[in-house]
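Read through the structure below, which is laid out as structure tokens, and then see the notes.
Coordinate-derived values only; no laboratory data. This structure is a prediction, so every number in the text was calculated from the model and none was measured. Here the Cβ positions follow ideal geometry from the backbone for every residue, glycine too, while neighbour counts run over all protein chains shown.
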């Protein structure tokens with residue numbers, strides 16, 4: 001997920017591509033706080049968008065995971081991409 005004023009085209013897309021290349025299912029969303037969208041929807045609408053993306057990933061077979069598991073997986077992928 002990109003930061004405030006960010007975009008999908010920067011560091012996040014590199015990470016998303018690396019994760020996908022390593023077999024992970026990825027949803028790379030442009031969030032309402034991106035530079036282009038400029039807070040165009042409410043927090044509630046943003047949460048619904050994230051929940052929809054998560055549901056779509058689960059429909060494709062993505063398992064539910066704890067935050068600790070996700071951080072561990074991302075760390076492993078980033079380390080593997082540097083080899």
Can you tell me how many residues within the range 57-83 are outside any loop (DSSP other than H, G, I, E, B) and either in contact with a strand residue (DSSP E or B) (Cβ under 6 Å, 6 or more places away or on another chain) or over 15 Å from residue 12 (Cβ atoms) (or both)? 13
Within the range 1-56, can you find the residues that are in contact (Cβ under 8 Å) with a residue 24 or more places away in the chain, farther than 20 Å from residue 82 by Cα, under 11 Å from the mean Cα position of the chain (by Cα) and not in a loop (DSSP other than H, G, I, E, B)? 53, 54
